[in-house]
Structure formats: C-alpha cells, structure tokens
Amino acid sequence: MSRVGKAPITIPSGVTITVSDANVIKVAGPKGQLEQAIDSDISVSQEDGVLTVTRPTDQKRHKALHGLYRALINNMVTGVTTGYKLEQELVGVGYRATNTGNTLDLVLGYSHHYVFELPKEIKVSTTAEKGKNPTIILESIDKQLIGQVAAKIRSLRAPEPYKGKGIKFVGEVLRRKAGKSASKK
C-alpha cells in the first residue's frame, strides 16, 4: 500500500482548494494560485481542513498514481503558503552571474555569455560579494518549474570532479576525485 498516498494533507488557513468535475485541482493561497489535472480514477475529498487522496483498486498503476498525486497536491499547498527557494553558486575563476529583471546573464569560462530568459513565475536575484562565489537565487511557488529551471542552469556548466569548478547547489556535496599522482622514481 502507498505510504505517501495514505498520508492526509492538512490545509493551512488562507488556502482554498477546489476540485472541478474534470478532476482539475486548483490551490489558491497568499502567494498565488496553482492548478493540476489529475487522473479520473483518483478521487480527492476534503473535510474539516484535511484533504485525502484515494484510489479505487490495488492495481500497480493506481498505487503509483495515488502517491504521485498526493505528493503533487502537497507541493502545491506548500508552494502557495511558503514558496520554494533554490540557491546555486558559481565556483571558478572569472565565473559571474548578473540579472536584469528575469534575464540571467552568465559568464562561465566559455568564449560567449549565456543569456537565459526565465519564466515569469520565477523571481531571480544574483549576489556577488568579494571573497565569496557568485550566487544565483531562484524563488517560485511551483516546485516542478523551479527545479527544472535550476537543473537547466546547472547543466550549462556542471561541476567537474577534480577541482569542483562549475555551477552547484549551495550545500551540495560533490564527489571529488584525486588527480594524477607523481611519477615513481
């Protein structure tokens, strides 16, 4: 049985959840509104500030969808109440990040700049303090979208295992490799 799917979702005050006849869930809160279409087999019920997701049978497909949709709805509730924030740092000599509105300009050691236009749902800011690595800060209410954009930015210059140069998440532990050893005499 799905352990994730069985867990009820508590609805904080200020959040309204509506389920349409076409099984489209809309979650509105203080930070904004999100919506997600769910499979017609999965049913969602709401009572006394608690939302529960149920499945009709114990088929493998229904078990998988049960946990998936419960997690997606929970992420939407968290997004409209507190939001999501991801920080990435640029490790490397001469690496820079600047932003103008929702346009991110990255200098990553290539012969050209990367100009990255972000979706309007994401707020971006950059910091560059002396003695510290430049940092990109992404904020959004949509966990899927912010994760996808952060992964795309990281893929422009993924951290390499020898010196650790590249774009990495703040707090990420990289698996490092030893370089060439000195020749034996």
Query - Out of PRO30, PRO12, sole residue that is under 21 Å from ILE141 (Cα atoms) and either under 21 Å from the mean Cα position of the chain (by Cα) or of a type in the set (Lys, Arg) (or both) - result: PRO30
Requested in this report: Go through region 9-45 and give me each residue that's in contact with a Phe, Trp or Tyr (Cβ under 9 Å, 6 or more places away or on another chain), farther than 19 Å from THR78 by Cβ and not β-branched (Val, Ile, Thr).
Outcome: ASP39
Query raised in the report: Of all the residues that make up region 119-145, how many are open to solvent by less than 80 Å² (accessible area, probe 1.4 Å) and closer than 16 Å to ALA97 by Cα?
Result: 10
Query raised in the report: Just checking, how many residues over region 17-74 are in contact (Cβ under 8 Å) with a residue 40 or more places away in the chain, open to solvent by 30 Å² or more (accessible area, probe 1.4 Å) and in contact with a His (Cβ under 7 Å, 6 or more places away or on another chain)?
Result: 1
**Report entry** Residue that is nearest to LYS165 (Cα to Cα) [pool: residues in region 75-100 that are under 15 Å from the mean Cα position of the chain (by Cα) and open to solvent by less than 30 Å² (accessible area, probe 1.4 Å)]
**Finding:** GLN88
Query raised in the report: What number of residues in region 21-52 are closer than 23 Å to LEU145 by Cα and of a type outside the set (Asp, Glu)?
Result: 15
Query raised in the report: Is one or more of the residues making up region 63-79 assigned to a strand (DSSP E or B) and either closer than 16 Å to LEU145 by Cα or touching a Pro at 6+ places or on another chain (Cβ under 7 Å) (or both)?
Result: no
Query - Number of the condition not met by ASP105 [criteria: (1) over 21 Å from GLN148 (Cα atoms); (2) part of a strand (DSSP E or B); (3) not β-branched (Val, Ile, Thr)] - result: (1)
Query raised in the report: What's the number of the condition PRO12 fails, among (1) over 30 Å from ALA158 (Cβ atoms); (2) open to solvent by 30 Å² or more (accessible area, probe 1.4 Å); (3) touching a residue at least 60 places away in the same chain (Cβ under 8 Å); (4) in a helix (DSSP H, G or I)?
Result: (4)
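The values are calculated or read from the model by the stated rules, or taken from the named source; none is laboratory data. Please read these numbers as outputs of a predicted model, since none were measured by experiment. Using ideal geometry, Cβ is built from the backbone for each residue, glycine included, and neighbour counts are taken over all protein chains shown. We work out accessible area using only protein heavy atoms, side chains counted, and drop any ligands, DNA or RNA first. Shrake-Rupley method; radii C 1.70, N 1.55, O 1.52, S 1.80 Å.
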